[in-house]
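A short reminder: the numbers here are calculations on the coordinates, not readings from a lab. What you are looking at is a predicted structure, and each value in this text was computed from that prediction instead of being measured. As a convention, Cβ positions derive from the backbone with ideal geometry for all residues, glycine included, and neighbour counts pool all protein chains shown.
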Amino acid sequence: MARKIVLTSGKGGVGKTTITANLGKNLAKLGFRVVLLDVDIGLNNLDVVMGIEDQVVFDITDVIMGKCRARQALVQDKKISSLYVMPSIHAYNKVKILGEHIKNVVEQLDSNFDYILIDCPAGVEAGFHRAVFPASEAIIVVTPHISSIRDADKVIGLLNDYEISFKGLVINRMRGDMLLNGELMDVESIVRALNIPLIGIIPEDDAIGSSCSLGGQCNSIESARAFTLLSENIHNGSKKIFDCTYKYKGLLGYFKRAIKKRV
């Protein structure tokens, strides 16, 4: 039986799809069978982020409409054999898709995977509710900015209406230099404001997006370590959080921060 985890944020542009992709890759590298489910109907790009858009034959709406079985709509990752993606439809479709439809797709995949990661669309409209409906756990992705925190707080309130057994927080795009300089909302304040457990911090890193857009594993040492810790925390219940400030501490770190501030 798979763990069904929805990744949501409320606010768009926080890197939720990229987090989904990298988390899926890391869980698969740990030896688990993982499927990434794109539920952002019509505005999706998980297949592009994963680099498998040219392999798509069927999508989630084909499964819902009975044109194919769930397994037929899965696209296997090019490098990791235990990782699959079920893409969403790119064009507008008149078919009204409900949470029950998504849950039925999830149930078809349940026995074949260890993890089903559901990429939720931004906002709190119908797309949010159908993505959350089949999930039993939720990861809320935020950036260290007030607008992101406020939207996440609204999402957490809405999640209370669903059978979500665990809610965890991932802070994305954290810059260690700005954090130490007091230019970003600090981690403790974010956790206190949202009142859910922190399970991961992902540093600001251009390599994450660029590598994912090519369908690859993120090759930055820092980001790779951050995602490894996040994956282990999710599976083992550990609480090892990546320290994005470590290279900006001490005298040498002070000069690094000063240089970055001038750039």
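Observations, loosely collected:
- Between Ile102, Ile97, the distinction of being in contact (Cβ under 8 Å) with a residue 12 or more places away in the chain, out of contact with any Asp or Glu (no Cβ under 7 Å at 6 or more places or on another chain) and in a loop (DSSP other than H, G, I, E, B) belongs to Ile97 only.
- Any hit, segment 15-27, residues being closer than 25 Å to Ile201 by Cα and outside any helix (DSSP H, G or I): yes
- Among the residues of segment 8-32, those that are within 11 Å of Leu117 (Cα to Cα) and touching an Asp or Glu at 6+ places or on another chain (Cβ under 6 Å) comprise Thr17, Thr20.
- Answer from Ile149, Ile156, Ile140 - the residue that is part of a strand (DSSP E or B), of a type in the set (A, V, I, L, M) and crowded, with 18+ Cβ neighbours inside 10 Å: Ile140
- Among (1) free of Cβ contacts under 8 Å to residues at least 60 places away in the same chain; (2) in a helix (DSSP H, G or I); (3) closer than 21 Å to Ser220 by Cβ, the one test that Asp62 misses: (3)
- Screening Ala122 with (1) hydrophobic (A, V, I, L, M, F, W, C); (2) surrounded by fewer than 22 Cβ atoms within 10 Å (Cβ to Cβ); (3) not in a loop (DSSP other than H, G, I, E, B) gives one miss only, at (3).
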